[in-house]
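For reference, the structure is listed below as structure tokens.
Any read-out appearing in this document is the output of simple, stated calculations on the displayed coordinates, not a laboratory observation. Note that the structure is a prediction, hence the values are computed from the model and not measured. When we count neighbours, we look across all protein chains shown, and the Cβ atoms used for this are built from the backbone with ideal geometry, even at glycine.
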Amino acid sequence: MKARLAMTDRRGTVLLGPRQVGKTTLLLQVAEDLVREGWPASRVTYFDFSDDRCPPHFSVRDLAAAVDGGTQPAADVPRIFLIDEAEYSSGWERFVKQSVDRRRDRWLVTTSAAAHLRDAGRESGVGRWDEIRMEGLTYGEFLRILDPHEVPEIRHRRDPLPLTRFLANGGFPEHVASEPVVARQRLRQYVGDRAILRDLLRTGVDVLRVQRLFVYLAQQSGGIVDVAKLATALEADARSVREWLARLRETQLIVPLRRHARAAAATLRDKEKVFAADHGLVRAFANDPAHPDTLARVFEATVFRHLRELGAECAYYRDRDDLEADFIVSVGAKSSVVEVTADSAPSGRKLARAREVRGAIGAARAIIVCSSAVATREGSVELLPIAEFLLAPKKVLP
């Protein structure tokens, strides 16, 4: 990230990610490293627009004017702006666009709401900044925080207990060392009070019903979204529910998964699955965190998070006859069927389903990620321990 700021290319960087994912920590580390390595401190500006002390209507434009008037410019040294939670500054996209076009400044901006991706924000950003998504920790990153000096695979073989904590707490860096009950309590409070109530209140939506919607989606993570049923349950019209779903996506607390194109049936064509963005949210909002159904959803959300890390095309499979598969991972014309179970020994039905879907789409491989201790095979179906998958997700690629 530091190298991007020091480049002669003035294009900015926008970090997108849910609250508590580590964006602020990253900005502060960048500022510290820049100054330590010789960048003039007077040319590095950090500002958090979500701070309660921020004056009303204070904008990025106001900030730039204030620092320009208060410091002497350093010869041939651009100013670096590290802007936290930019969505609280009205019109930040337009000003950053103008700055990239006309000034020498460098911009690193974070936001936990992706509203700027819609409408004019998307157009303004073309060619002016790169968008990088930050998500919760992978299991390998989780282990590196526990011990920065040990290779994650070796760390896991020496002590597999951190996997239990990772599955319980999720990938939010703040909760790496927390007790599970504390992590769940803090996630519930923070998501409700900050990520939904504070971030969405200014949008004019009914935040109480959006909160109810999010709790339902977290509890049913990996389920197919039926807008009509949700509208009935929330006593709202379908249009409102669609808007609330869009707003929740903007907070990046939920992540959609589309349906595999070759399985598209008329009644399901427009329906997608929705996952909690981090598996810790599944446990945090579950009625019973220890229930087998909850653990199954945790496993699925964890696997989906690591599949997104691959950058491969990912979808779920379901045909007219209700033949299903959790994930189809595709690279070019080749694909893998990936089923997920929290059991150590997948059921015969799970095995049969993996084989049948593989045959239906002509997939190169059929894999079941499970809680077994070692990798094995059941005929044409590969059984992959979840720890092995989490440390090397590429193992499921076709």
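For GLN252, nonlocal amide neighbours, meaning residues 5 or more places apart or on other chains whose placed amide H falls under 5 Å from its own, are ALA114.
Stick to the Cα atoms of the stretch 129-236, pair each with every other, and give me the Kirkwood hydrodynamic radius in Å at one decimal. Intermediate values should be presented prior to the final figure.
Values: mean 1/r = 0.0606 Å⁻¹.
About 16.5 Å for the stretch 129-236.
Note on the stretch 301-398: Kirkwood radius taken over Cα pairs, Stokes-Einstein applied at 20 °C and 1.002 mPa s, translational D equal to 163 µm² s⁻¹.
With N counted as the residues of the chain, its alpha-carbon radius of gyration over 2.2 N^0.38 Å works out to 1.06.
Could you compute the FRET efficiency for LYS394 and ALA364, with r as their C-beta to C-beta distance and R0 at 22 Å, rounded to 0.05? Efficiency computed from Cβ-Cβ geometry: 0.95.
Full extension of the chain segment joining ALA177 with ALA236 gains 17.2 nm, where the gain is 0.36 nm per residue of separation less the Cα-Cα distance.
Applying 1/(1 + (r/R0)^6) with R0 = 56 Å to the Cβ-Cβ distance of CYS54 and THR376, what FRET efficiency is obtained, to the nearest 0.05?
Numbers: r = 56 Å, r/R0 = 1.01.
That pair, CYS54 with THR376, gives E of 0.50.
Result for the chain in a Gaussian network model with C-alpha springs under 10 Å: among GLY140, GLY17, GLY379, the largest mean-square fluctuation is at GLY379. Could you tell me how far the Cα centroid of the stretch 156-198 sits from the Cα centroid of the stretch 9-70, in Å? So the two Cα centres are separated by 27 Å. Using the basic label-point model (7 angstrom from Cα toward the beta carbon), what is the LEU161 to ARG102 distance in nanometres? For LEU161 paired with ARG102, the spin-label model returns 6.0 nm. Quick one: helix 207-219 against the long Cα principal axis of the chain, what's the angle to the nearest 10°, folded into 0 to 90? Orientation of helix 207-219: about 40 degrees from the principal axis.
Within a straight-line Cα-Cα reach of under 16 Å, LYS394 can be paired with the following lysines, leaving aside sequence neighbours fewer than 8 residues apart in one chain: LYS334. Rounded to the nearest 500, the helix-only mean residue ellipticity at 222 nm of the chain stands at -12000 deg cm²/dmol, with each DSSP H run of n ≥ 4 adding -39,500 (n - 2.57). In this structure the amide hydrogen of GLU378, modeled in the peptide plane, comes within under 5 Å of the amide hydrogens of LEU383, none closer than 5 places in sequence on its chain.
Annotation: lysines with alpha-carbon distance below 25 angstrom to LYS229 (same-chain offsets under eight excluded): LYS271, LYS273.
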